[in-house]
1. Give the residues of segment 75-88 that are surrounded by fewer than 17 Cβ atoms within 10 Å (Cβ to Cβ) and either part of a strand (DSSP E or B) or modelled with pLDDT under 95 (or both), sorted by residue number.
2. Go through segment 45-74 and give me each residue that's surrounded by 12 or more Cβ atoms within 10 Å (Cβ to Cβ) and within 13 Å of E94 (Cβ to Cβ).
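The values are calculated or read from the model by the stated rules, or taken from the named source; none is laboratory data. Predicted model, so just to flag it, every value in this text is computed and none were measured. Every residue, glycine among them, receives a Cβ derived from its backbone with ideal geometry; neighbour counts consider all protein chains shown.
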Amino acid sequence: MIHADPKDAWTEDEDWNGQFRDLERDHAQPLPLQRALRIAEARFRGRLIAARLLPANPAERARGTILVHELRLLTPDRNVLRLRLDAFSGAFLEVAGAGLTAARRTGED
């Protein structure tokens, strides 16, 4: 019979850089794509043409982001916007593309 001390089963050295430990926070499930799209559509006019869930890039990880919803919207002026949202909080991380100002919703929209 083998007896092992449970406290020896996991050490800080084997912590996989803490990335997965961060997933234990209260919102361990990423926002559904539909919710991320509603957040994006509340700020920009356009139609979703592509979406994917990606790991955060190094700069985003440095700010505490783990996963990113990357959305591409086709604006009414036929421009493509690329939006990156934190997949847990829905915060905008990056918005790029031609016609950004024209696609931005105002209080009148």
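1. Of all residues in segment 75-88, those surrounded by fewer than 17 Cβ atoms within 10 Å (Cβ to Cβ) come to 76-80, 82.
V80, R82 - these are the residues of segment 75-88 that are surrounded by fewer than 17 Cβ atoms within 10 Å (Cβ to Cβ) and either part of a strand (DSSP E or B) or modelled with pLDDT under 95 (or both).
2. Selection gives L54, A56, N57, E60, T65, V68, H69, E70, L71, R72.
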